[in-house]
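The values are calculated or read from the model by the stated rules, or taken from the named source; none is laboratory data. The model shown is predicted, which means the values in this text are computed figures rather than measured ones. For neighbour counting, all protein chains shown are included, and Cβ atoms are generated from backbone atoms with ideal geometry for every residue, glycine included.
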Amino acid sequence: MTTTLTERYISATTGSLPLETQSDVRAELEASIADAIESRLEQGEDPAEAERAVLTDLGDPVALAASYTDRPLHLLGPRYYLAWWRLLKLLLAIVPAAAVGGVALVQVIIGAPAGRSSGRRSAWGSPPPCTCSSG
């Protein structure tokens, strides 16, 4: 069974809606999309292009579904934004400093000289074996 773009779009839109509203929204979308496509066809547009243009104009199906349920599409609302911003600035100051301190501590523990990368030594503290060819 093949499905049209319109059927897939409507399914994507109604799939995240509560069951009790899915059939009403499906009927409304089918009617409004059909009307918009018909309008474009009357202007002489190709049927496939008309369908694609109408669906593109409707936008993201998930955003359209959210508009039917009055769900906000943001993680932080105005109530928590300022607290989030303060925490973000604090973490941006603490995390890099803690990372540098952790690397320095590891270098002290394994006995690496200052400024030398700890990745150049093996887990047992000895330098990696030479892979040079003798000539």
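Please work out if V103 is touching a helix residue (DSSP H, G or I) at 6+ places or on another chain (Cβ under 8 Å), at pLDDT 90 or above and more than 30 Å from L5 (Cβ to Cβ).
The answer is yes for V103.
Please verify whether A65 is under 29 Å from E20 (Cβ atoms), among the small types (G, A, S) and over 30 Å from the mean Cα position of the chain (by Cα), treating the condition exactly as stated.
Criteria not met by A65.
Looking at segment 10-26, I want the residues that are over 16 Å from R71 (Cβ atoms) and have a partner that is exposed (fewer than 12 other Cβ atoms within 10 Å of the Cβ) with Cβ atoms under 8 Å, at least 6 apart or on another chain. Which pairs are those?
Between residues of segment 10-26 that are over 16 Å from R71 (Cβ atoms) and residues that are exposed (fewer than 12 other Cβ atoms within 10 Å of the Cβ), the close pairs are S11/T3.
Filter segment 41-89 for residues that are polar (S, T, N, Q) and either touching a residue at least 40 places away in the same chain (Cβ under 8 Å) or exposed (fewer than 11 other Cβ atoms within 10 Å of the Cβ) (or both) and give the result.
Taking segment 41-89 and keeping what is polar (S, T, N, Q), we get 43, 56, 67, 69.
Of everything in segment 41-89, those that are polar (S, T, N, Q) and either touching a residue at least 40 places away in the same chain (Cβ under 8 Å) or exposed (fewer than 11 other Cβ atoms within 10 Å of the Cβ) (or both) turn out to be Q43, T56, T69.
When the residues of segment 106-135 are filtered to those that are polar (S, T, N, Q) and at pLDDT below 80, which remaining residue is farthest from the chain's Cα centre (by Cα)?
Taking segment 106-135 as the starting set, the residues that turn out to be polar (S, T, N, Q) are 107, 117-118, 122, 126, 131, 133-134.
Then drop every residue that is not at pLDDT below 80, which leaves 117-118, 122, 126, 131, 133-134.
Working: S117: 35, S118: 35, S122: 38, S126: 44, T131: 44, S133: 49, S134: 52 Å.
Here the residue is S134.
I'd like the full set of residues that are under 18 Å from T14 (Cβ atoms) and over 30 Å from the mean Cα position of the chain (by Cα), limited to segment 36-54.
A36 - this is the single residue of segment 36-54 that is under 18 Å from T14 (Cβ atoms) and over 30 Å from the mean Cα position of the chain (by Cα).
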